[in-house]
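These notes are about the structure you will find just below.
What follows draws every value from the coordinates through simple rules; no lab data is involved. Please read these numbers as outputs of a predicted model, since none were measured by experiment. Every residue, glycine as well, gets a Cβ built from its backbone with ideal geometry; the counts of neighbours run over all protein chains shown.
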Amino acid sequence: MADEAVNPKAYPLADATLTTKIMTLIQQAVNYKQLRRGANEATKTLNRGLSEFIVMAADAEPLEIILHLPLLCEDKNVPYVFVRSKQALGRACGVSRPIIACSVTSNEGSQLKNQIVSVQQDIEKLLI
């Protein structure tokens, strides 16, 4: 994957190991029905206080269509991160279409809680 496509506004950008960890968690979240796909759905989960963290694609065209999400995340104190590829994000979400944003949602008594907390901490380390 080439670096030239990554917009400097896409901050913080996950490195390869964190991207793999995030994509794996997203695939599991699909099975547990704890994933909302798309910028509009991600916005709704943030406004309703359901979101654990937000993942956005750095190669969204134009990037400005998802740049309201980091602002909303900071207001709601929700971690957010960019991954390089919308195509890879779509595959992790279990669909064949590219996806520019998704939200991993909270669920009482979920088996994913430990993994979600681990990823949240990794994302917060990027923001420091």
How much length would be gained if the chain were fully extended between LEU72 and SER96, taking 0.36 nm per residue of separation minus their Cα-Cα distance, in nm to one decimal? 5.9 nm
Rounded to the nearest 500, what is the 222 nm mean residue ellipticity of the chain from helices alone, with -39500 (n - 2.57) per DSSP H run of 4+ residues and division by all residues? -13500 deg cm²/dmol
Can you work out D for the chain in µm² s⁻¹ from Stokes-Einstein, where Rh is the Kirkwood radius over C-alpha pairs, the temperature is 10 °C and the viscosity is 1.306 mPa s? 112 µm²/s
Give the aspartates and glutamates reachable from LYS125 as a straight Cα distance under 19 Å; neighbours fewer than 8 places away on the same chain don't count. ASP15, GLU52, GLU74, ASP75
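Give a quick list of GluC sites (Glu not before Pro) in the stretch 1-65 that DSSP marks as loop, anything other than H, G, I, E or B, with at most 13 other Cβ atoms within 10 Å.
Sites meeting the loop and neighbour criteria: GLU4.
Specify, per residue and in Å³, the volume enclosed by the convex hull of the alpha carbon atoms belonging to the stretch 71-121.
102 Å³
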How far apart, in nm, are two points set 7 Å out from the Cα along the Cα-to-Cβ line at GLN111 and at GLU124? 2.6 nm
For the stretch 42-126, size of Cβ-based charge dipole, Lys and Arg +1, Asp and Glu -1, in debye: 280 debye
Which aspartates and glutamates have a Cα lying under 12 Å from the Cα of LYS86, excluding residues fewer than 8 positions away in the same chain? ASP59, GLU61
